[in-house]
């Protein structure tokens, strides 16, 4: 076991800095996990309009499933509807009503659901 008696005096400032860095990284990780959980919860709150057509169990009833997608792909599809690159009228209307944070929240929520 290392004690402060074994640590040279010139190393103490470095150890203090490393301890502070470790604390900061642990705090940032906790904050990141909390922000991620809040984003997913917000997505779940927003999801009712989506689940009117898209099945939450991942089955395809003629309307593609949207669960388990990577967030980037989910948002890219919504943006393509919003920007008129895709033309489904219902999806264009939905996508145009969403801001970037809402798209990210929905992507986080639906991406967290594992297909069966």
> Of the residues in region 39-63, how many are farther than 16 Å from residue 94 by Cα and assigned to a loop (DSSP other than H, G, I, E, B)?
Replying inline: 8
> Can you tell me which of 36, 27, 32 is outside any loop (DSSP other than H, G, I, E, B) and modelled with pLDDT of 90 or more?
Replying inline: 36
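The values are calculated or read from the model by the stated rules, or taken from the named source; none is laboratory data. The structure presented is a predicted model; accordingly, all values stated were derived computationally and were not measured.
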